[in-house]
Amino acid sequence: MMSARSFSKQPKEEGTSRSSSDLQWPPESQDFFGSIENMSMPESGNGSDQLQAATGYVIGVTSSIFAEHILSHPFIVLRRQCQVHHRGVWYHNTPFTIITVLVQLQRHQDGRSRGVSSLWKGIVSVLMSKGILMVNETVISELTPLPKEVTRHSSPRKHLEHLLLKGLSYIMATPFLASSCIETIQADVSSDKPGPFDFIREGLGRLMGWGMPQTTRLLPVYTLVLPTAVMGVSQYIIIQAARATMLSTFRQREQEMRDKSTSVDGKEQEESLYNKYFPEMMANFAGNLLADILLFPLETVLHRLYAQGTRTIIDNLDTGVDVIPISTNYEGFFDCFRSILMEEGVSGLYRGFGALILQYALQAGLLKFSKYVFEKISKELNPPEPLAPMDRPRSSDRLTQQRQPQLATLQQQQQQAQQQQPYTNYMEQSYRSTRR
């Protein structure tokens with residue numbers, strides 16, 4: 001799930017000052033199909049600062065987009081297919097079983113036509129569904145007083161109104177999110193390759209059945225809007241809470257290190273490229289991971305409701321060499337949840353969890369590589385300043401500094417001897433007169 005940045009209008013808050021330390025709720029929507037985070041390029045004063053800002057922005061956005069949308073998409077496809085495969089023998093709760101099936105599936109697809117591209121099916125519709133959510137938020141915020149952005153200084157009422165805006169945007173996008181999910185799970189061999197706007201046409205077609213009597217197993221849209229909104233808003237809250245905690249921890253640790261360095265050399269340490277951008281990437285990664293783990297059962301139920309009655313054919317992830325149809329008859333969200341617990345057990349809610357583990361393992365590897373790049377570039381752009389020749393102590397100066405305490409001791413002894421000299425002379429004279 002990943003990160004690009006857009007520039008939006010200022011929050012509808014009066015008397016609120018914005019600073020880099022404020023917790024900014026990102027203007028883009030973060031749904032359970034992925035997240036789009038804030039990563040802005042700060043204003044800079046000189047050429048070196050501008051180069052650092054541009055470098056950090058490019059590395060952060062590029063790695064975020066690649067990890068969340070390109071690298072992760074094959075595992076999102078596998079995860080969703082496992083979630084809707086209610087009759088599957090293998091639950092694929094660990095990454096070991098799913099790796100074997102992935103190899104078999106790839107060989108089978110290569111033998112037909114699509115090859116590697118089959119793992120990235122539906123990626124266009126996933127990205128476009130994110131765009132629909134962003135457009136919904138913009139339109140709602142323009143037509144209503146609901147704020148599109150809030151800060152930690154905003155009132156509780158503003159936060160609730162902001163969450164209401166998020167929920168309304170998910171409600172409006174529900175049919176398109178459902179059709180996008182279908183494109184990602186359907187087998188390539190069972191249908192032609194969908195066009196970039198086919199999921200919009202299918203979403204509009206499903207929307208037209210709003211409120212009509214249910215004559216097939218296809219669930220009407222009104223039964224899906226509330227679970228979809230709860231899913232999206234819950235993930236948004238979890239991500240923001242995790243981000244706020246991670247960023248606060250990073251900033252506190254960074255401030256402690258700055259205070260230590262300032263107390264040692266008396267010079268304030270300049271913020272490096274790593275400290276500017278990597279904490280934000282790490283916070284996004286932790287927030288997305290936590291949200292996906294906590295909401296995985298809810299996502300399983302929701303995807304089964306999306307696929308019911310659509311006559312979708314998916315890849316058989318028990319063998320990886322054939323396809324099977326989806327045939328369920330759930331009456332709603334709670335009926336689906338109860339049926340999974342009764343027929344498949346608690347582990348049935350976590351079908352495909354191994355794909356989630358692989359997804360974030362690869363993202364963690366890319367995050368580690370990004371950290372190395374940030375540290376390398378920071379050292380290149382901000383090399384340590386060597387001491388000037390005139391500031392370097394010479395060997396003779398060091399010897400003089402070492403001898404200064406000894407010289408001071410000798411001088412004190414000489415002064416004491418001079419002060420005691422008259423008394424010593426008097427005593428000698430007295431002794432001589434006594435002997436006479």
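The values are calculated or read from the model by the stated rules, or taken from the named source; none is laboratory data. Worth saying up front: this structure is predicted, and the values here are computed from it rather than measured. Every residue, glycine among them, receives a Cβ derived from its backbone with ideal geometry; neighbour counts consider all protein chains shown. Note: areas computed on protein heavy atoms with side chains; ligands, DNA, RNA excluded. Shrake-Rupley method; radii C 1.70, N 1.55, O 1.52, S 1.80 Å.
Would you mind stating whether LEU146 is buried (at least 17 other Cβ atoms within 10 Å of the Cβ) and either under 24 Å from the mean Cα position of the chain (by Cα) or within 25 Å of PRO196 (Cβ to Cβ) (or both)? Reasoning before the result, please.
Values: buried (at least 17 other Cβ atoms within 10 Å of the Cβ): yes; either under 24 Å from the mean Cα position of the chain (by Cα) or within 25 Å of PRO196 (Cβ to Cβ) (or both): no.
Taking the combined requirement at face value, the residue does not satisfy it.
Within the range 179-198, the set of residues being out of contact with any Gly (no Cβ under 6 Å at 6 or more places or on another chain), modelled with pLDDT of 75 or more and outside any loop (DSSP other than H, G, I, E, B) comprises SER180, CYS181, ILE182, ILE185, ASP188, ASP198.
Looking across the range 340-364, the residues that are of a type in the set (S, T, N, Q) and closer than 15 Å to ASN288 by Cβ come down to GLN359, GLN363.
Might you let me know whether the range 109-130 holds any residue that is modelled with pLDDT under 75, open to solvent by 30 Å² or more (accessible area, probe 1.4 Å) and not in a helix (DSSP H, G or I)? Let's see the steps before the verdict.
Taking the range 109-130 as the starting set, the residues that turn out to be modelled with pLDDT under 75 are 109-118.
Filter once more, keeping what is open to solvent by 30 Å² or more (accessible area, probe 1.4 Å): 110-114, 116-117.
This time we only want the ones that are not in a helix (DSSP H, G or I), so: 113-114.
Yes, the range 109-130 contains a residue that is modelled with pLDDT under 75, open to solvent by 30 Å² or more (accessible area, probe 1.4 Å) and not in a helix (DSSP H, G or I).
Give the residue that is modelled with the lowest pLDDT, with candidates limited to residues of the range 199-221 that are surrounded by fewer than 16 Cβ atoms within 10 Å (Cβ to Cβ) and of a type in the set (D, E, K, R). For the range 199-221, the residue satisfying everything is ARG217. Taken over the range 71-106, the criterion of being open to solvent by 10 Å² or more (accessible area, probe 1.4 Å) and of a type in the set (D, E, K, R) is satisfied by ARG87 alone.
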